[in-house]
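Heads up, the thing below is written out as structure tokens.
The values are calculated or read from the model by the stated rules, or taken from the named source; none is laboratory data. Remember, predicted model here, so these are calculated numbers, not experimental data. Note that we place each Cβ from the backbone using ideal geometry, even for glycine, and neighbour counts take in every protein chain shown.
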Amino acid sequence: MSAELLKGHLDGMILAVLADGPRHGYGVIDALRDQTDGHFDLPKGTIYPALHRLEQAGLINGSWSTEAGRRRRTYVLSAAGHRQLGIERASWRQFVSAVGALMDGNGGIGETPCPAM
């Protein structure tokens, strides 16, 4: 998938992954890859800034823990994050429906050929 397709959807995707339960940063990366059959195998340089942005916005809460001698930051959805995820899901469904109608020719567009440029 191109990075252009990801724009505007990354935050909602991360919130959806965290709806399944707490995860550390690499856990978020793994879940995005695994739950999309490898379509979103994103680098940590993409995920960590998004996690920090979501935490600053109050949509997720992070806490430090130590596992196998390594400090990790674990993230969980906040109440505001749960509400935002609902908004993101509704918006996504509306977007998919509208684009699907357009691309499938059910929206009235595409019924007649485009004039030559």
Can you confirm whether segment 43-53 contains a residue that is under 13 Å from the mean Cα position of the chain (by Cα), among the small types (Gly, Ala, Ser) and exposed (fewer than 15 other Cβ atoms within 10 Å of the Cβ)? no
Selection from segment 72-84 of residues that are in contact (Cβ under 8 Å) with a residue 60 or more places away in the chain, within 15 Å of residue 22 (Cα to Cα) and either under 13 Å from the mean Cα position of the chain (by Cα) or not in a helix (DSSP H, G or I) (or both): 77, 81
Within segment 102-117, does at least one residue satisfy the condition of being over 17 Å from the mean Cα position of the chain (by Cα), at pLDDT below 95, surrounded by 11 or more Cβ atoms within 10 Å (Cβ to Cβ) and under 27 Å from residue 14 (Cβ atoms)? yes
Looking only at segment 54-76, filter to residues that are in contact with a Leu (Cβ under 9 Å, 6 or more places away or on another chain) and within 19 Å of residue 8 (Cα to Cα); which one of those is surrounded by the most Cβ atoms within 10 Å (Cβ to Cβ)? 60
Of the residues that sit in segment 4-27 and are assigned to a loop (DSSP other than H, G, I, E, B) and without any contact (Cβ under 8 Å) to a residue 12 or more places away in the chain, which one is farthest from residue 86 (Cα to Cα)? 7
Which residues, counting only those in segment 28-46, are in contact (Cβ under 8 Å) with a residue 12 or more places away in the chain, part of a helix (DSSP H, G or I) and of a type outside the set (A, V, I, L, M)? 35, 44, 46
Which ones in segment 63-99 are touching a helix residue (DSSP H, G or I) at 6+ places or on another chain (Cβ under 7 Å) and not acidic (Asp, Glu)? 73, 75, 76, 77, 81, 84, 85, 92
Does residue 12 satisfy the criteria of being closer than 26 Å to residue 95 by Cβ and touching an Asp or Glu at 6+ places or on another chain (Cβ under 8 Å)? yes
Of everything in segment 78-89 that's under 15 Å from residue 10 (Cα atoms) and among the aliphatic types (A, V, I, L, M), which residue is surrounded by the most Cβ atoms within 10 Å (Cβ to Cβ)? 85
Could you say whether any residue in segment 26-34 is surrounded by 14 or more Cβ atoms within 10 Å (Cβ to Cβ), at pLDDT below 95 and within 13 Å of the chain's Cα centre (by Cα)? no
